[in-house]
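Asker: Quick one: the structure is below, questions incoming.
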Amino acid sequence: MTAMPERPFNLDGSRVFVAGHRGMVGAAVARRLGREGCEILTAGRNELDLRRQDAVEAWLQRARPDVVVLAAATVGGILANDSRPAEFLYDNLAIETAVVHGAHLAGVKKLLFLGSTCIYPRLAPQPMKEEHLLTGPLEPTNQWYAVAKIAGLKLCEAYRRQYGCDFISAMPTNLYGPGDTYDARASHVIPALILKAHRAKLARADSFEVWGTGAPKREFLHVDDLADALVHLLVHYSAEETVNIGTGEEVSIKQLAELVAKTVGFAGSVAFDATKPDGSPRKLADCAKLARLGWRSGIDLKSGLKSAYDWFLAHSEKAGPLREGGLTS
Ligand code: GDP
């Protein structure tokens, strides 16, 4: 059974706080909400530190949003996650507790929290269903982020159970798109490979470096698709269990590297660095529940990569700082 509210939630005329609006995900959500009849509220980092409980509570009491989309998080790729465990754990736990509790106190009518498919067990059955959460050990390279995000999901469940808050969560697969962080060491794989392939093209190099063996498989979702799915869930979903958001398609890292090379126009080869970690062998989300709720992905990887590369070219190498937001690990 997929729980649908008796009546859709009406965004028309509502005040929606997008926490983390400068990150890739928050910015995409704000762009998408621009097509609904709602007022979008944001708070810059210098105005509000989302890790501070008192400050967040005071801000929410003043701003009185009807809806909160919690898209703020400390995020990064496999190496960033593995090398900055305290930040990934502390920042994310602090943001979640401050915003979820503050939203409850301020009488927020609907809150949407974002997990990530990387918080499922490392060896979860594929494709991963929502019910597989907490059924096995985590992938060690992102366990810090995963523990924090699992706590966030559970916070939403707990506030729904104890206080009757309409707080829901969603579980996006690996994300990419405009506004991503471009940093060869700290980024997720798509921006990292776009950056490396682009630099290799300019330098007329023979190859660019790809971490690991190339064998792991990943599913990639364009952030504009994600934003569309999130708005759909805000309106049409109200239940404890999280909802996976993906495309249903997976590619190996080797195939991805070749696709990126083609997108960028780099004619050389890829060089695998097997001293770098592979991470999870596979992470494919089962999106049957989302399909039953009436949403399907509309942006394929080829055209999505082109839009990501176009954004990268337009913004050169000045993409936003790692800790500003965006999602998945
Ligand atoms: P993950 O899905 O949590 O493992 O996040 P990432 O996006 O960081 O990595 C996905 C996969 O891409 C892993 O198997 C990485 O080893 C591989 N990969 C290959 N080259 C790179 C790279 O330059 N940067 C990153 N972050 N990952 C890479």
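The values are calculated or read from the model by the stated rules, or taken from the named source; none is laboratory data. Every value quoted in this text rests on a predicted model; they were computed, and no experiment measured them. No Cβ is skipped: glycine too gets one built from the backbone with ideal geometry, and neighbour counts run over all protein chains shown. Note: accessible area is taken over every heavy atom of the protein model, side chains too, but ligands, DNA and RNA are not part of it. Shrake-Rupley method; radii C 1.70, N 1.55, O 1.52, S 1.80 Å.
Asker: Excluding ligands, DNA and RNA, what is the solvent-accessible area per residue of segment 170-329 at a probe of 1.4 Å, expressed in Å²? Let's see the in-between values first.
Answerer: Values: 6310 Å² over 160 residues.
About 39 Å² of surface per residue is accessible.
Asker: Once you put a point 7 Å from the Cα of residue 163 and another 7 Å from the Cα of residue 15, both along the Cβ direction, what distance in nm separates them?
Answerer: Computed distance between label sites residue 163 and residue 15 equals 1.7 nm.
Asker: Another question, then. I'd like the antiparallel share, as a percent to the nearest 5, of DSSP beta bridges with both residues in segment 41-176.
Answerer: Values: 0 of 8 bridges.
So the antiparallel bridges in segment 41-176 amount to around 0 percent.
Asker: Right, something else. Taking 7 Å along the Cα-to-C-beta vector as the label spot, tell me the residue 202-residue 315 distance in nanometres, rounded to one decimal.
Answerer: Taking the simple label geometry, residue 202 and residue 315 are separated by 1.6 nm.
Asker: Quick one: length gained pulling residue 151 to residue 296 fully straight, 0.36 nm per residue minus the C-alpha distance?
Answerer: Details: separation 145, 0.36 × 145 = 52.20 nm, distance 2.76 nm.
Taking residue 151 through residue 296 to full extension adds about 49.4 nm, to one decimal.
Asker: Please compute one quarter of the surface area of the Cα convex hull for segment 84-169 and express it in square nanometres.
Answerer: Mean projected area for segment 84-169: 5.7 nm², to one decimal.
Asker: Okay, next question. What net charge is computed for the residues neighbouring residue 310, neighbours being all others with C-beta under 14 Å from the C-beta of residue 310, Lys and Arg scored +1, Asp and Glu -1? Kindly include the intermediate steps, with their values, before the conclusion.
Answerer: Numbers: positive: 302, 306; negative: 180, 224.
Result for the local shell: 0.
Asker: Filter the DSSP H helices in the chain by two things, a Kyte-Doolittle mean of at least -0.5 and an axial alpha-carbon span of 24 angstrom or more, and list the hits by number.
Answerer: Helices meeting the criterion: 85-105, 143-163.
Asker: Please give the contour-minus-distance gain from residue 126 to residue 90: 0.36 nm per residue of separation, less the Cα-Cα distance, rounded to one decimal in nm.
Answerer: Going from the current span to full extension adds 10.0 nm.
Asker: So what is the diffusion coefficient of the chain in µm² per second by Stokes-Einstein at 25 °C and 0.890 mPa s, using a Kirkwood Rh over Cα pairs?
Answerer: Answer from the Stokes-Einstein relation: 124 µm²/s.
Asker: Starting from the Kirkwood radius over alpha-carbon pairs of segment 35-184, derive D by Stokes-Einstein at 10 °C in a medium of 1.306 mPa s and give it in µm² s⁻¹.
Answerer: Answer, rounded: 97 µm²/s.
Asker: Hey, rough spin-label estimate for residue 262 and residue 35, points 7 angstrom out along Cα→Cβ, what's it come to in nanometres?
Answerer: 2.7
Asker: Stretched out fully, how many nm does the piece from residue 306 to residue 105 gain, at 0.36 nm a residue minus the Cα gap?
Answerer: Values: separation 201, 0.36 × 201 = 72.36 nm, distance 4.33 nm.
The span from residue 306 to residue 105 would gain 68.0 nm if fully extended.
Asker: If you take all C-alpha pairs in segment 227-311, what percent of them are over 22 Å apart?
Answerer: Of all Cα-Cα distances in segment 227-311, 45 percent exceed 22 Å.
Asker: Could I ask something else about it? Can you give the net charge of the other residues whose Cβ lies under 9 Å from the Cβ of residue 249, counting K and R as +1 and D and E as -1?
Answerer: Net charge around residue 249: -3.
Asker: Counting Lys +1, Arg +1, Asp -1, Glu -1, what net charge surrounds residue 216 among other residues with beta carbon under 12 Å of its beta carbon? Each step should come with its number before you reach the end.
Answerer: Numbers: positive: 122, 217, 218, 254, 276, 282, 283; negative: 139, 219, 250, 278.
After counting each charged neighbour, the total is +3.
Asker: Would you kindly calculate the mean projected area, averaged across all directions, of the convex hull enclosing the Cα atoms of segment 1-124, in square nanometres? Please report the intermediate quantities before stating the final value.
Answerer: Values: hull surface 37.9 nm².
Taking a quarter of the hull surface, the average projection is 9.5 nm².
Asker: In addition: Run the helix sum for the chain: -39,500 (n - 2.57) per DSSP H stretch of 4+ residues, divided by residue count, reported at 222 nm to the nearest 500 deg cm²/dmol.
Answerer: -12500 deg cm²/dmol
Asker: If you don't mind, there's one more thing I want to ask. As a test, work out the antiparallel percent of DSSP beta bridges whose residues both lie in the chain, rounded to the nearest 5. Can you show the working numbers first?
Answerer: Values: 2 of 31 bridges.
Antiparallel bridges: around 5 percent, rounded to the nearest 5.
Asker: I'd like to check one number: the per residue accessible area of segment 69-149, probe 1.4 Å, reported in Å² as a whole number.
Answerer: For segment 69-149, the solvent-accessible area averages 32 Å² per residue.
Asker: If I compute solvent accessible area with a 1.4 Å probe over the protein chains, what percent of it on the chain is carbon and sulfur?
Answerer: Accessible surface attributable to carbon and sulfur in the chain totals 52 percent.
Asker: Using a ≥ b ≥ c from the Cα gyration tensor of segment 108-148 (square roots of the eigenvalues), is it rounded, prolate or oblate, where a/c under 1.5 gives rounded and otherwise the larger of a/b and b/c decides, a/b for prolate?
Answerer: Note, shape of segment 108-148 comes out oblate.
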